[in-house]
1. When the dipole is taken about the Cα centre of the chain, and only Lys, Arg (+1) and Asp, Glu (-1) are charged at their Cβ, what size is it in debye, to the nearest 20?
2. Can you tell me the order of 169-180, 37-48 when each peptide is scored by its average per-residue count of other Cβ atoms within 10 angstrom, highest first?
3. Past 28 Å, Cα to Cα: identify those pairs from K155/K182; K70/K143; K84/K155; K41/K118, in the order given.
4. Using Cα-Cα distances under 8 Å and only pairs 6 or more residues apart, what relative contact order does the chain have, in percent?
5. Does the stretch 92-188 come out rounded, prolate or oblate by the C-alpha gyration tensor, with a ≥ b ≥ c the root eigenvalues, rounded set by a/c under 1.5 and, if not, prolate when a/b is larger than b/c and oblate if not?
6. Quick query: amide H of V91 versus all other amide H atoms, modeled in the peptide plane; which residues come in under 5 Å with a sequence gap of 5 or more or a different chain?
7. Between G47 and residues 5 or more places away or on another chain, which pairs have amide H atoms under 5 Å apart, with H built 1.01 Å from N, and which residues are they?
8. If I model a spin label at R161 and I104 as a point 7 Å from the Cα along the Cα→Cβ vector, what separation in nanometres do I get?
Amino acid sequence: MKRLTAFLLVFLSAALATPSPATAASLAGVTLPDSTTIGEKTLVLNGLGLREATFFKVDVYVAGLYLEQKSTDAGAIVASEGVKLLDMKFVRDVDKDKLTEAWIEGFQKNSIGYGRLKDRVAKLNSFMSDVSENETMRFVFNKDSVEVFIRDENKGSIEGRDFVEGMLAVWLGKHPPNEELKQGLLGK
């Protein structure tokens, strides 16, 4: 019995001393966990991307895309009805006007039916406020709605499968804010 106890103690000590696999991913000084839970769904980090703006490539935010299963296929991700999460952590201050302009531009460039979405984009913009460095935005994509969180405060939900797909296309469509952001979110 003593030998078994000694063996178990040595085994447990070795197991505890063995480094565990990485539990986070980092980009531009922002670290996001490799997985998260939304409701009863566990989502895995598909990829991290950096939003750069202007000719000078000024860093704006780091985004992490969480999916039920990893995918590098932008079209399949947009069309999927599974739960998704996009976390944004700002690495600089951005005022409300810049955010609302970016949403309008993103939807116009990437949504075939922008006219149908215009009122809901306006609702999204009504949730916006100035954001400071290190503050967050979070978007939970359900089958037929997008829940919007700013600084962990639930601002509301925007309904419609077409809106879900249109908003995902802002990052994953043919004209993302910058191609490196899209590729990062796709885990490429």
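Nothing in this text is a laboratory measurement; each read-out follows from the coordinates by a stated rule. For clarity, every value in this text was computed on a predicted model and none was experimentally measured. Using ideal geometry, Cβ is built from the backbone for each residue, glycine included, and neighbour counts are taken over all protein chains shown.
1. Around 540 debye, computed over the chain.
2. Ranking the peptides 169-180, 37-48 by packing returns 169-180, 37-48.
3. Over 28 Å apart, Cα to Cα: K41/K118.
4. This gives 22 percent for the chain.
5. Taking the square roots of the gyration eigenvalues as a ≥ b ≥ c, the stretch 92-188 is rounded.
6. So V91 has HN proximity to Y61, V62, N134.
7. Under 5 Å from the amide H of G47 lie the amide H atoms of L65, each far enough along the sequence or on another chain.
8. For R161 paired with I104, the spin-label model returns 3.0 nm.
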